[in-house]
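Each remark here refers to the structure printed beneath this line.
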Amino acid sequence: MKDSVQQLYNGLLTCKKAVFFGGAGVSTESGIPDFRSESGIYRTVQEYGVPPEEILSHTFFVKHPDIFYQYYRNYMLHPSAVPNAAHRGLAFLERQGVLTAVITQNIDGLHQRAGSRKVLELHGSIHRNYCMDCHQSFGLDIILRGDPLPRCTRCGGLIKPDVVLYEEALDETVLSQSISQIQEADLMIVGGTSLNVYPAAGLLRYFHGDVGLVLINRDETPLDGRADLVIHHKIGEVFQRLLDFYPSSQSTT
Ligand code: NAD
Ligand code: ZN
């Protein structure tokens, strides 16, 4: 791994603008399981007898909000999770002026907690919730309260998390900003994503930078062949090693 991390470091020294695109694997070292890998919730959670893709769909939310919220609270919310070295490393690279954006499929808010400022959340955030009737906004607290169905304190309407469920479209603004960031970058780091979820995974085709495409993922992905550098390793450990190359990171991480 040492040589690969050295190569990544060299790329970061050479490039003008790097962008990061990540998924659930970025947060597994913070204790939040991903969806599709061996230990992901798609394989480990069988108790509902319905595929998770169905429970996490718009139709299911509308028809059975009580079951949706049971599943969502049990498996999607990890309020005590804290950022790991990957989140901290990305925030550090942004402060250095080399990384212009973190584009994430995650909904956990850990990039912001680690100090990243430009975070494009393609699938929304568990920290934003709104009333489906009067559109009043709420934080995560109201979801964590434990009422079977979170209700608006103003009008009693059902509260929905601002996360993109299956059958729902991505936010156009977030998507177009992500595409611009990728088009302007000369180095793209992709990490902790199986690259199976479209349209998010299709974002890679907008990257034409000449410094290169770096893929950091524990398991193989269908797009490994497209990358200039592939690192099959835990992303937190990769970033921990990367930060060792930057003496100035030691005081801040
Ligand atoms: P995925 O579950 O499809 O794939 C995760 C990938 O990360 C796997 O290929 C796995 O090999 C890799 N991985 C796991 N741990 C890793 C580590 N420590 N280092 C490097 N690689 C690691 O996830 P996805 O492609 O991101 O898509 C799942 C969808 O589920 C996303 O759209 C996201 O919205 C949602 N999700 C979010 C969270 C979160 O917010 N933390 C958690 C689970 C799922
Ligand atoms: Zn309301």
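Coordinate-derived values only; no laboratory data. For clarity, every value in this text was computed on a predicted model and none was experimentally measured. Reconstructed Cβ throughout: ideal geometry from the backbone, glycine too, with neighbour counts over all protein chains shown.
3J(HN,Hα) along the range 117-122: 9, 8, 10, 9, 9, 5 Hz, from the Karplus curve 6.51 cos²θ - 1.76 cosθ + 1.60 with θ = phi - 60°, whole Hz, x for Gly and Pro. Taking a ≥ b ≥ c as the square roots of the Cα gyration tensor eigenvalues, the range 164-213 comes out oblate, since a/c reaches at least 1.5 and a/b does not exceed b/c.
Need the list of lysines near residue 234 for cross-linking: C-alpha distance under 21 angstrom, and skip anything on the same chain fewer than eight residues off. The qualifying lysines are 2.
For the range 192-253, what does the alpha-carbon gyration tensor say about shape, rounded, prolate or oblate, given a ≥ b ≥ c as the root eigenvalues, a/c under 1.5 as rounded, and a/b over b/c as prolate?
Numbers: a/c = 2.29, a/b = 1.81, b/c = 1.27.
It comes out prolate by the Cα gyration axes.
Here the Kirkwood formula puts the hydrodynamic radius of the range 147-253 at 16.9 Å, using every distinct Cα pair. In order along the range 187-194, phi translates into HN-Hα couplings of 9, 10, 10, 10, x, x, 9, 6 Hz, rounded to whole numbers, per the Karplus curve 6.51 cos²θ - 1.76 cosθ + 1.60 with θ = phi - 60° and x for Gly and Pro.
Charged neighbours of residue 79, selected by a Cβ distance under 15 Å, balance to +2 (K, R count +1; D, E count -1). Using every pair of distinct Cα positions in the range 19-108, the Kirkwood expression returns a hydrodynamic radius of 14.7 angstrom.
For a quick check: sort 140, 243 by the number of other beta carbons within 10 angstrom, fewest at the front.
Working: 140 16, 243 21.
Fewest to most other Cβ atoms nearby, the residues stand as 140, 243.
Order by neighbour count: 233, 127, 111, fewest other Cβ atoms within 10 Å first, most last.
On the way: 233 15, 127 20, 111 28.
Listed from fewest to most nearby Cβ atoms, that is 233, 127, 111.
Global dimensions of the chain from alpha-carbon coordinates: Rg and Dmax equal 18.6, 58 Å.
Count the net charge of all other residues whose Cβ sits under 12 Å from the Cβ of residue 211, scoring Lys and Arg as +1 and Asp and Glu as -1.
Details: positive: 16, 17; negative: 186, 210, 228.
With Lys, Arg at +1 and Asp, Glu at -1, the neighbours total -1.
Using 0.36 nm times the number of residues separating residue 42 and residue 118, minus their current alpha carbon distance, what extension gain do you get? Mind showing how you got there, number by number?
Numbers: separation 76, 0.36 × 76 = 27.36 nm, distance 2.99 nm.
In short, 24.4 nm is gained.
The range 148-184 and the range 67-86 have Cα centres separated by 17 Å.
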